[in-house]
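Visitor: Structure in structure tokens, see below.
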Amino acid sequence: MKIGIVGAAGRMGRMLLAATVAADGAVLSGGTEAAGHPKMGQDLGRLVGGADLGVALTADPKALFAASDAVIDFTVPSATATHALLAAETGTHLVIGTTGLGAPHQDAVDRAAETVTIVQAANFSIGVNLLLGLVERAATILDDSYDIEILDMHHRHKVDAPSGTALALARAAAQGRGVELDAVACKERDGIIGARPRGEIGIQTLRGGGVVGDHTVIFADMGERVEIGHKAGSREIFAGGAVRAALWTAGQKPGLYSMQDVLGF
Ligand code: NAD
């Protein structure tokens, strides 16, 4: 299967190049970056510190989509929306890991999923996808006498907050409770905020250092506290999951799928 990587010189892009080259059944079809990127034209193998692969970094996503069976996108929301249009135009499957998408970006993804197969996940690790299921189940059992707080900590370069995974965990908790997240979410506290409303789901953000991604979900009652969490030690887990998702798209019907669909959870 021919797999292309957009945003190939990014932190995740480089991991995805290496994971694609290493995966059985995958052939790297190319990689793109934003026009003017300092690594433009460099060999993709050299970009990840390996031997030359004879494929150069380009700024031509249309050619990459046309030459690929699936493309993996861990970039920025505006680029992801453009890539979704190209996927639909060229009939290429798309795997999206970019987080922080606004409504217009998500609309572009949803529209493209009417004609091609798209896997979109805020987190491609197996552990976090297991955690999503556990949180939904816990929220079903622990009623709203348990206050739910979700905490994410990431490296200092992360541009969106809360993390896409924290929001996905909050949605899983809200689903378990049978409530709409928007009606109960609290993403900020400052000053004289008063007592905590019953049923609120708090989502708090920490940023610092090189932390790859830590998430904790706390269910706190007066006499006890349940905490479930996940700590990512390396970006390789996300890259491996995304390549697995790209391989999984072969032969799937058009639609928008999650990593839980890919893993069969
Ligand atoms: P990064 O800034 O290192 O990489 C993003 C890359 O995209 C950059 O190299 C940038 O130049 C490139 N880019 C921007 N516009 C582009 C365009 N038009 N065409 C091609 N490339 C373009 O960031 P990162 O840490 O690699 O994270 C990227 C995204 O992936 C973020 O949204 C992050 O939250 C998300 N992420 C998701 C998961 C997951 O499992 N879903 C895991 C880690 C990171």
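The values are calculated or read from the model by the stated rules, or taken from the named source; none is laboratory data. Keep in mind that this is a model prediction, so the values were computed, not measured. All Cβ positions, even for glycine, are placed from backbone atoms using ideal geometry, and neighbour counts span all protein chains on display. These accessible areas exclude ligands, DNA and RNA; they are computed on the full protein's heavy atoms, side chains included. Shrake-Rupley method; radii C 1.70, N 1.55, O 1.52, S 1.80 Å.
Visitor: Where does segment 209-265 land on Rg/Rh, using Cα atoms and the Kirkwood Rh?
Guide: We get a ratio of 1.15 for segment 209-265.
Visitor: Okay, next question. For segment 137-149, what does the Karplus curve 6.51 cos²θ - 1.76 cosθ + 1.60, with θ = phi - 60°, yield as ³J(HN,Hα) per residue in whole Hz, taken in order and with x for Gly and Pro?
Guide: Once rounded to whole Hz, the list reads 5, 4, 5, 6, 7, 8, 6, 6, 6, 9, 7, 9, 10.
Visitor: Would you pull out the residues with amide H under 5 Å of VAL48's amide H, same chain only if 5 or more places away, H placed 1.01 Å from N?
Guide: Here the answer is none, since no amide H 5 or more places off falls under 5 Å of that of VAL48.
Visitor: Taking the Cα centre of segment 126-232 as origin, sum charge times position over the Cβ atoms of Lys and Arg (+1) and Asp and Glu (-1), and report the length of that vector in debye to the nearest 20.
Guide: It comes to approximately 340 debye.
Visitor: Counting only other residues whose beta carbon sits under 11 Å from that of HIS154, what net charge do I get with K and R as +1, D and E as -1?
Guide: 0
Visitor: Please compare each pair in LYS158/LYS187; LYS62/LYS158; LYS187/LYS231; LYS2/LYS158; LYS2/LYS231; LYS231/LYS253 to a cut-off of 23 Å on the Cα-Cα distance and tell me which ones are over it.
Guide: Table pairs above 23 Å Cα-Cα are LYS62/LYS158; LYS2/LYS158; LYS2/LYS231; LYS231/LYS253.
Visitor: If you put +1 on each Lys and Arg Cβ and -1 on each Asp and Glu Cβ, how big is the dipole of segment 106-149 around its Cα centre, in Debye rounded to 20?
Guide: 300
Visitor: Can you give me the convex hull volume of the Cα atoms of segment 1-145, divided per residue and expressed in Å³?
Guide: 138
Visitor: What do you get for Rg/Rh of the chain when both radii come from the Cα atoms and Rh is the Kirkwood radius?
Guide: 1.01
Visitor: Would you please report the Å³ per residue occupied by the convex hull of the alpha carbon atoms in segment 176-257?
Guide: Expressed per residue, the convex hull around the Cα atoms of segment 176-257 is 178 Å³.
Visitor: Still on this structure, please answer the following. Using only Cα atoms, what Kirkwood radius does segment 116-183 have, in angstroms?
Guide: The answer is 13.1 Å.
Visitor: Shifting gears a bit: If you place +1 on the Cβ of every Lys and Arg and -1 on the Cβ of every Asp and Glu, how big does the dipole about the Cα centre of the chain come out, in debye to the nearest 20?
Guide: Here the chain has a charge dipole of around 580 debye.
Visitor: Accessible area per residue for segment 126-232 in Å², computed with a 1.4 Å probe and the full protein assembly in place, what is it?
Guide: Roughly 55 Å² per residue, with all protein chains present.
Visitor: Looking at ALA108, ALA22, THR98, which one has the Cα that reaches farthest to the positive end of the dipole of the chain (charges on Cβ: Lys, Arg +1; Asp, Glu -1)?
Guide: Farthest towards the positive end: ALA22.
Visitor: How much of the accessible area of segment 126-232, probe 1.4 Å, is carbon plus sulfur, in whole percent?
Guide: Summing carbon and sulfur atoms, their accessible area is 52 percent of the total for segment 126-232.
Visitor: Straight-line reach from LYS39: which aspartates and glutamates fall under 15 Å, measuring Cα to Cα and dropping same-chain residues less than 8 apart?
Guide: Result set, ordered by chain and number: ASP52, ASP60.
Visitor: Before anything else, pin down the relative contact order of segment 126-232: Cα pairs under 8 Å, at least 6 apart, normalised by residue count, whole percent.
Guide: 40
Visitor: While we're on this one: For segment 53-61, in order, what is each residue's ³J(HN,Hα) by Karplus, 6.51 cos²θ - 1.76 cosθ + 1.60 with θ = phi - 60°, in whole Hz (x at glycine and Pro)?
Guide: The phi angles translate into 9, x, 10, 9, 6, 10, 10, 10, x Hz.
Visitor: A further question on this structure: Say we join alpha carbon atoms closer than 10 Å with springs in a Gaussian network model of the chain; which of MET40, MET222, MET12 then has the biggest fluctuation?
Guide: Of MET40, MET222, MET12, the most mobile in the Gaussian network model is MET222.
Visitor: Which whole-angstrom value gives the distance between the alpha carbon centres of segment 233-265 and segment 1-66?
Guide: The two parts, judged by their Cα centres, are 19 Å apart.
Visitor: Using 10 Å bins from zero, what percent of all Cα-Cα pairs in segment 126-232 falls into each bin?
Guide: Result, from short to long distances: 15, 48, 31, 6 percent.
Visitor: Note down the relative contact order for the chain as a percent, whole number, built from C-alpha pairs under 8 angstrom at least six residues apart.
Guide: 21 percent.
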